[in-house]
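Some notes on the structure that comes next.
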Amino acid sequence: MGDLKRIHESAIPAALGRAERYRLLNEPQEAESICRDILEVDASHQDALRTLLLALTDQFERDLRTMREEAADLLQRLRSEYERVYYDGVIRERAGKALLEAGYPSSAVYDAIREAMDRYDRAIGLAPEGEDEAILRWNTCVRLIERHNLAPAQSAEDHMQLESFDDEVPHR
């Protein structure tokens with residue numbers, strides 16, 4: 001197996017554009033690889049960190065536990081408090097959607113979506129003027145809960161069952 005080759009710093013903008021296109025083409029592994037190449041050259045490149053975080057969340061249905069942990073670790077490298085809170089919401093929302101796709105109980109999905117909404121609510125208060133992305137995500141979560149009739153756990157037994165789901169997140 002060969003060693004990884006380092007890209008030139010001047011190639012970062014074009015590489016980032018390719019990573020974004022791969023995400024749009026539903027090829028998150030390719031986007032992830034490109035972002036890792038960018039971060040080898042500039043470890044604090046904010047656009048690459050955000051794109052890598054999103055590429056990892058694009059893969060939640062395949063391997064939620066590993067991808068979620070790494071995405072959460074990336075939050076600490078974002079400079080903006082607003083972005084750390086907002087992207088924490090994105091991670092939780094996409095984890096909830098992965099649980100929904102994997103057939104987890106409604107209450108497990110509901111809890112993940114409500115956690116995302118809590119982050120979005122906080123992000124709304126931190127958002128720069130004219131930045132309404134957290135509001136849009138909040139509204140999407142409300143509609144997801146309504147569309148799928150998601151509801152919180154009804155009993156202590158339900159809550160105990162849900163706690164075990166954290167240890168059994170999907171791996172494909």
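Numbers for the structure displayed
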read-out	value
Residue in region 49-72 that is farther than 30 Å from residue 150 by Cα and assigned to a helix (DSSP H, G or I) present	yes
Failed criterion for residue 34 (all others in (1) touching a residue at least 24 places away in the same chain (Cβ under 8 Å); (2) assigned to a helix (DSSP H, G or I); (3) touching a helix residue (DSSP H, G or I) at 6+ places or on another chain (Cβ under 8 Å) hold)	(1)
Residue in region 40-48 that is among the acidic types (Asp, Glu), out of contact with any Leu (no Cβ under 7 Å at 6 or more places or on another chain) and outside any helix (DSSP H, G or I) present	yes
From 111, 121, 166, residue being assigned to a helix (DSSP H, G or I), modelled with pLDDT under 95 and not small (Gly, Ala, Ser)	166
Matching residues in region 61-73 - criterion: being under 8 Å from the mean Cα position of the chain (by Cα) and under 17 Å from residue 102 (Cα atoms)	68
Residue 143 part of a helix (DSSP H, G or I) and farther than 15 Å from residue 95 by Cα	yes
All positions within region 103-147 that are touching a residue at least 60 places away in the same chain (Cβ under 8 Å) and crowded, with 18+ Cβ neighbours inside 10 Å	104
Yes/no for residue 76 being surrounded by fewer than 20 Cβ atoms within 10 Å (Cβ to Cβ) and under 29 Å from residue 43 (Cβ atoms)	yes
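Yes/no per residue for (1) more than 30 Å from residue 5 (Cβ to Cβ); (2) touching a helix residue (DSSP H, G or I) at 6+ places or on another chain (Cβ under 7 Å):
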{"site": "39", "(1), (2)": "no, yes"}
{"site": "43", "(1), (2)": "no, no"}
{"site": "67", "(1), (2)": "no, yes"}
{"site": "78", "(1), (2)": "no, yes"}
{"site": "94", "(1), (2)": "yes, yes"}
{"site": "107", "(1), (2)": "yes, yes"}
{"site": "130", "(1), (2)": "yes, no"}
{"site": "143", "(1), (2)": "yes, no"}
{"site": "153", "(1), (2)": "yes, yes"}
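The values are calculated or read from the model by the stated rules, or taken from the named source; none is laboratory data. Here the structure is a predicted model, which means the values were calculated and not measured. Positions of Cβ are backbone-derived with ideal geometry, glycine not excepted, and every protein chain shown enters the neighbour counts.
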